[in-house]
Amino acid sequence: MAMFFYIGILFIKSGLNLSQSGKSSVCLFQKSCGILVMRFKSKRSKNMTDLSPLQKARYQYAPKLPKMLRNGISEISVLEGKRQQALLIKKRSRLLFPNTYGKKEITFQKGQNTSVAKKQVVGVILSGGQAPGGHNVVCGLYDALKATNPENVLYGFKKGPSGLLEDDYLIFDDAYIDQFRNTGGFDIIGSGRTKLETEEQFAVAAEVCKKHGITAIVIIGGDDSNTNAAVLAEYFAAHDARCTGNWLP
């Protein structure tokens, strides 16, 4: 898990239908294929001469990637496994998440990527307490989107889930992202602890995503953030929203 925090990760290349229903799933990798491509050659928004030696070293460091992710998304394929089940609360889980419970396990392996590339618009939310790798996770998501298709767009909703509900966001670009590479914390868009738990909140979130054409929401955080992502994904699936809910620990 530390690796995911540190190097960033992610995904976005749709066209891979990872469930028979085609609906949203709380699984981080669903209906999309994931890869991180860190780009360190873009121009810095700050003059390097104004930075301390420590800041310069941080900016120049290139996080290490797993071998399978080094040759681009074209060599990553998806393997569907068995349907997953809760060990202790199977019946209750099925009742709480009738549309997203029991999805198939997804494994990434080396092979030909046969999915069809298309423009993706993704929203990211930082939730809960700060973490040292938060910024690189967002940078990794941005890099993966742009490497897959330069026209892809990443929205950052400010100050946690409340930013989604209030439609308070920024659109990331190279200059903004580069300021935060290899730096710790959640300052890039701020964090918050708003819980997503009412039908009214879910409806507002779905409407905001529809307004911006967002096809996936990625919530980064701990166990409470996982709950937010799970209930949001369930609502999206139940209402046939054209958006997926995803969680990254």
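Judged by the mean number of other Cβ atoms found within 10 Å, the most tightly packed of the peptides 153-164, 90-101, 129-140 leads the ranking 153-164, 129-140, 90-101. The phi-based Karplus calculation (6.51 cos²θ - 1.76 cosθ + 1.60; θ = phi - 60°) puts the 3J(HN,Hα) values of the stretch 146-153 at 6, 5, 6, 7, x, 7, 4, 10 Hz, whole numbers, x for Gly and Pro. Please go through the residue pairs 158/195; 110/210; 159/210; 90/211; 119/211 and name each one whose alpha carbons sit more than 24 Å apart in this structure. Check vs 24 Å cut-off fails for 110/210; 90/211. Put the Cα centre of the stretch 146-195 next to the Cα centre of the stretch 107-126 and the gap is 19 Å.
Here residue 56 is the anchor, and the aspartates and glutamates within straight C-alpha reach of less than 17 Å, apart from those fewer than 8 places off in the same chain, are 178.
Any read-out appearing in this document is the output of simple, stated calculations on the displayed coordinates, not a laboratory observation. It should be emphasised that the depicted structure is a prediction, and the values quoted were computed from it without experimental measurement. Counting neighbours? That spans all protein chains shown, and the Cβs are built from the backbone with ideal geometry, glycine included.
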